[in-house]
Amino acid sequence: MTPTPSLASSALHDAADLARDRRSSRGESRRLEGTPGAIETAARKLFERNGVKATTVGAIALEANVTRELVYYHFDNKEAVVQAVIDDYVEDLVESVIVWSESIAPDNPNNAHEALRSLVQTFRYALYDGERRPRPMISVLEELHIRDAFDVRATRETAEYLADHIAPLYADRYGIDLDLVFEMLCVAIFGLVGLVKVHPGITDDELMKVVAQTLRLGEPFAKAE
């Protein structure tokens, strides 16, 4: 399919690769709320069902139960709505890790093996469903021709969150001494996503072993205590 000017916009590529400030706390969320959030949610639903090109601002307004004028009050144009959806896709991945960190944290009685298994599953099922089919957001990113740029941004924000708010806690509890934590997390996340694409049949246990070896996490993470 030949991209239309709007779908091939450099602004969308910039949005997909946007470098935002690092999160100040473990539980910080960047979801849109109120009317802008309702408009973005409606647009996301329609993009995933019908495609971005086929979805009009009028259709988004109807789905969100607002007027077209209100859409344009909150967003300059359709491209701005698309950018908000891209932000929301990034938030899907980062928030899945936030939820993981709140349920399997170092100050929790769960052991490191269970934490790593849960983290691997978190990444895997944020991108693929139980049948290992790509989530609907993948088709939207591919239609916009920004899948690679999005992967970079999502990896960066997720790795920043883990490096800033989770790695220090685990390092303290398990006596792990690692340099270049952010960089190694980027390698692990990119590698995990790429490996699942190349080898969709790989088991969670195998993924755990690959991540543990890549990050030199040692025995507590490699097998159950």
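Bear in mind these aren't lab numbers, they're just calculated from the coordinates by the rules spelled out. Values in this document were obtained by computation on a predicted structure and should not be read as measured data. Cβ sites come from the backbone with ideal geometry, for glycine too, and all protein chains shown count toward neighbours.
Observations on the structure shown:
- Cα radius of gyration and Dmax for the chain (Å): 18.9, 59
- Cβ crowding within 10 Å averaged over residues, with 67-74, 125-132, 81-88 ranked highest first: 81-88, 67-74, 125-132
- For the range 20-222, the number of Lys pairs with C-alpha atoms closer than 26 Å, counting only pairs eight or more positions apart or on separate chains, is 5.
- Shown for 10, 101: other C-beta atoms within 10 Å of each C-beta, ranked fewest to most, produce the order 10, 101.
- Amide hydrogen proximity for residue 128: with H placed 1.01 Å from N in the peptide plane, the residues at 5 or more positions away or on another chain lying under 5 Å are 135.
- Estimated [θ] at 222 nm from DSSP helical runs (n ≥ 4, -39500 (n - 2.57)) normalised by residues in the chain, nearest 500: -20000 deg cm²/dmol
- C-alpha long axis of helix 204-214 to longest principal axis of the chain, angle in °: 70
- Amide H contacts of residue 52: none lie under 5 Å away among residues 5 or more positions distant or on a separate chain (H built 1.01 Å from N in the peptide plane; Pro and chain starts excluded).
- Signed unit charges on C-beta, dipole axis of the chain, positive-most listed residue 115, 144, 188: 144
- Couplings 3J(HN,Hα) for the range 175-181, derived from phi with the Karplus relation 6.51 cos²θ - 1.76 cosθ + 1.60 (θ = phi - 60°), are x, 8, 10, 10, 9, 6, 4 Hz, where x marks Gly and Pro.
- Counting neighbouring beta carbons within 10 Å and listing from fewest to most, the residues 160, 33 come out as 33, 160.
- Using only side-chain charges placed at the Cβ, +1 for Lys and Arg and -1 for Asp and Glu, the dipole size of the chain relative to its Cα centre rounds to 520 debye.
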